[in-house]
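Trainee: Questions regarding the structure given below will be posed in turn.
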Amino acid sequence: MNRIGNILAQQEYSKEDLIELLNAGPEDTELIFKKAAEIKARYIGNKVHLRGLIELSNICAKNCLYCGIRRGNKSVERYSISDDEVEMAFQFAIQNKLGSVVMQSGELSSPVFIEKVESFLRKAKEMSNGKLGITLSCGEQTEETYQRWRVAGAHRYLLRIESSNRELYYRIHPKDQLHDFDTRLNALTSLKNCGYQTGTGVMIGLPFQTMEDLASDLLFMRDFDIDMCGMGPYIEHEQAPLAEYNSELKPVQERLTLTLKMIALLRIIMKDINIASTTALQAMANGGREQALKVGANIMMPNITPGIYRNKYALYNNKPGINEEAEDSQRNLETIANRADCEIVYDAWGDSKHFD
Ligand code: SF4
């Protein structure tokens, strides 16, 4: 057995092991993918669960340096989805047996916003007789707000740390009170305290990011004992300040392979968590999401936001699906799952097996 084969045969990986795995060449990378596929088959099977993605609003109080809808980007036309439109999206999810929705939004913490999300949660439960599973991804909030939304029906929450390296975090976020690294860590802990299945994730291929950073990200997710992960390649947005460093980025194919490696390694070290095959992967390459399913991912998120808003929630360049209506999006996912020899499960929450 070669060096990579020997590391893969271990029960536990050190940070140095993970760095070596992340640096593996093409042939050795196939060994990593093979091991991850075996683990996925054993612990998760070939089932894929769906979350219908509803992008509630692109209004955001924050100014993350990589993001297209950051507060400082004045060229974005802002929107907030209406009550009727949210109900239409819920109806679509129910009729098409998606089983779950994800409600995502720019980060706001006003009483009006908190109440709005709460009322959407109650509506989703009412319309589906409690059957629709609900993930929220509405950023950092107080524990009290998380608790309120939990009571109203949310049971999973995704809050991406983006980078677990404090120094790198502050190179991709303004260094101010609104973008405080410790506040984000505390928010993740609050989510656990409130009984959510808690998810996080990172961006892969950021300028300034090293393999050591990515290895630490994997260990962070393991040590924090997350239940779910949504991570994807960093894709630049030309109107975001971080675009200044575009010349330092790894080529697209390299970022894609690195993302797939991260997914595979996370599957190997966290065997029974939910891992999303994200839209950003598809933006990088046709077949990106399908490859992610093959090496460890088990969740896909058809975008069911009303079509007129799709191009207004552009966090990064070339976001796919912005011209599609919800039906197309779902049909595409069926094809992707089939190509990865996976089977979509309808009408089920698909909770993280890791959560107890
Ligand atoms: S990444 Fe999220 S919190 Fe940051 S500016 Fe974009 S929408 Fe707002």
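The values are calculated or read from the model by the stated rules, or taken from the named source; none is laboratory data. Here the structure is a predicted model, which is why all the values come from computation and not from measurement. Ideal geometry is used to build each Cβ from the backbone, glycine not excepted, and the neighbour counts take in all protein chains shown.
Trainee: Any residue at all in the stretch 157-167 that is surrounded by fewer than 17 Cβ atoms within 10 Å (Cβ to Cβ) and touching a residue at least 40 places away in the same chain (Cβ under 8 Å)? Give the steps one after another, and end with the answer.
Mentor: Going through the stretch 157-167, the residues surrounded by fewer than 17 Cβ atoms within 10 Å (Cβ to Cβ) turn out to be 166-167.
Still in the list and also touching a residue at least 40 places away in the same chain (Cβ under 8 Å): none.
No, the stretch 157-167 has no match at all.
Trainee: S128: surrounded by 15 or more Cβ atoms within 10 Å (Cβ to Cβ), of a type in the set (S, T, N, Q) and touching a residue at least 40 places away in the same chain (Cβ under 8 Å), yes or no?
Mentor: Details: surrounded by 15 or more Cβ atoms within 10 Å (Cβ to Cβ): yes; of a type in the set (S, T, N, Q): yes; touching a residue at least 40 places away in the same chain (Cβ under 8 Å): no.
The answer is no for S128.
Trainee: Filter the stretch 194-231 for residues that are part of a helix (DSSP H, G or I) and either surrounded by 14 or more Cβ atoms within 10 Å (Cβ to Cβ) or in contact with a Pro (Cβ under 6 Å, 6 or more places away or on another chain) (or both) and give the result. I'd like the intermediate steps shown before the answer.
Mentor: Pass one, the stretch 194-231, residues part of a helix (DSSP H, G or I): 211-223.
Result: M211, E212, D213, L214, A215, S216, D217, L218, L219, F220, M221, R222.
Trainee: Quick check: is even one residue across the stretch 22-35 of a type in the set (V, I, T), more than 16 Å from the ligand (Cβ to nearest atom), touching a residue at least 12 places away in the same chain (Cβ under 8 Å) and not in a helix (DSSP H, G or I)? Give the derivation first.
Mentor: Filtering the stretch 22-35 for residues of a type in the set (V, I, T) gives 29, 32.
With the extra rule that they be more than 16 Å from the ligand (Cβ to nearest atom), the set shrinks to 29, 32.
Retained after the next criterion (residues that are touching a residue at least 12 places away in the same chain (Cβ under 8 Å)): 29, 32.
Checking which are not in a helix (DSSP H, G or I) leaves us with none.
No, the stretch 22-35 has no match at all.
Trainee: Of all the residues that make up the stretch 326-341, how many are modelled with pLDDT of 80 or more and hydroxyl-bearing (S, T, Y)?
Mentor: Start the filter on the stretch 326-341 by keeping residues that are modelled with pLDDT of 80 or more, which leaves 332-341.
Add one more test, that the residue is hydroxyl-bearing (S, T, Y), and what stays is 335.
Residues flagged as modelled with pLDDT of 80 or more and hydroxyl-bearing (S, T, Y) within the stretch 326-341 amount to 1.
Trainee: Report the residue count in the stretch 76-105 for those that are in contact with a strand residue (DSSP E or B) (Cβ under 6 Å, 6 or more places away or on another chain) and within 16 Å of the ligand (Cβ to nearest atom).
Mentor: 6
Trainee: Based on this model, can you work out whether F120 counts as more than 24 Å from R160 (Cα to Cα), aromatic (F, W, Y) and away from the ligand (no atom under 16 Å from the Cβ)? Even if it seems obvious, please write down each step before you answer.
Mentor: Values: more than 24 Å from R160 (Cα to Cα): no; aromatic (F, W, Y): yes; away from the ligand (no atom under 16 Å from the Cβ): yes.
When the stated conditions are applied, F120 does not pass them.
Trainee: In the stretch 64-86, what residues are hydroxyl-bearing (S, T, Y) and either under 24 Å from F120 (Cα atoms) or surrounded by fewer than 17 Cβ atoms within 10 Å (Cβ to Cβ) (or both)? Talk me through it step by step, then tell me what you get.
Mentor: Quick first cut of the stretch 64-86, residues hydroxyl-bearing (S, T, Y) only: 66, 75, 79-80, 82.
S75, Y79, S80, S82 - these are the residues of the stretch 64-86 that are hydroxyl-bearing (S, T, Y) and either under 24 Å from F120 (Cα atoms) or surrounded by fewer than 17 Cβ atoms within 10 Å (Cβ to Cβ) (or both).
Trainee: Run down A9, A89, A61, A41 and say which single residue is surrounded by fewer than 18 Cβ atoms within 10 Å (Cβ to Cβ) and farther than 29 Å from D341 by Cβ. First the steps, then the outcome.
Mentor: Details: A9 fails: farther than 29 Å from D341 by Cβ; A89 fails: surrounded by fewer than 18 Cβ atoms within 10 Å (Cβ to Cβ); A41 fails: farther than 29 Å from D341 by Cβ.
None of the others qualify; the one that does is A61.
Trainee: Here's a follow-up. Can you tell me how many residues within the stretch 134-154 are touching an Asp or Glu at 6+ places or on another chain (Cβ under 7 Å), away from the ligand (no atom under 16 Å from the Cβ) and of a type outside the set (K, R)?
Mentor: 2
Trainee: Are there any pairs, at least 6 apart or on different chains, whose C-beta atoms fall under 7 Å, with the first in the stretch 63-75 and assigned to a loop (DSSP other than H, G, I, E, B) and the second within 6 Å of the ligand (Cβ to nearest atom) and small (G, A, S), and if so, which?
Mentor: Qualifying pairs under 7 Å: I69/G106.
Trainee: Next up: Considering only residues of the stretch 36-71 that are aliphatic (A, V, I, L, M) and away from the ligand (no atom under 16 Å from the Cβ), which is farthest from I263 (Cα to Cα)?
Mentor: Taking the stretch 36-71 as the starting set, the residues that turn out to be aliphatic (A, V, I, L, M) are 36-37, 39, 41, 44, 48, 50, 53-54, 56, 59, 61, 65, 69.
Among the residues that remain, those that are also away from the ligand (no atom under 16 Å from the Cβ) are: 36-37, 39, 41, 44, 48, 50.
Values: A36: 9, A37: 11, I39: 12, A41: 15, I44: 14, V48: 15, L50: 18 Å.
Within the stretch 36-71, the match that is farthest from I263 (Cα to Cα) is L50.
Trainee: Next question, about the same structure. Does Y157 fit the bill of being within 16 Å of the ligand (Cβ to nearest atom) and either charged (D, E, K, R) or over 20 Å from I69 (Cα atoms) (or both)?
Mentor: Yes; evaluated as a whole, the condition is true for this residue.
Yes or no, residue by residue, for (1) modelled with pLDDT under 95; (2) assigned to a helix (DSSP H, G or I):
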{"residue": "K271", "(1), (2)": "no, no"}
{"residue": "I275", "(1), (2)": "no, no"}
{"residue": "Q282", "(1), (2)": "yes, yes"}
{"residue": "A292", "(1), (2)": "no, yes"}
{"residue": "L315", "(1), (2)": "yes, no"}
{"residue": "K319", "(1), (2)": "yes, no"}
{"residue": "E324", "(1), (2)": "yes, no"}
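Trainee: Does at least one position in the stretch 46-55 carry a residue that is surrounded by fewer than 19 Cβ atoms within 10 Å (Cβ to Cβ) and at pLDDT 95 or above?
Mentor: So the first thing to find is which residues in the stretch 46-55 are surrounded by fewer than 19 Cβ atoms within 10 Å (Cβ to Cβ), and the list is 46-47.
So of that shortlist, the ones also at pLDDT 95 or above come out as 46-47.
Yes, the stretch 46-55 contains a residue that is surrounded by fewer than 19 Cβ atoms within 10 Å (Cβ to Cβ) and at pLDDT 95 or above.
Trainee: Something else about it: Please go through the stretch 184-217 and pick out each residue that is more than 15 Å from the chain's Cα centre (by Cα) and of a type in the set (A, V, I, L, M).
Mentor: Let us first name the residues in the stretch 184-217 that are more than 15 Å from the chain's Cα centre (by Cα), namely 184-187, 189-196, 205-216.
Correct list: L185, A187, L191, L206, M211, L214, A215.
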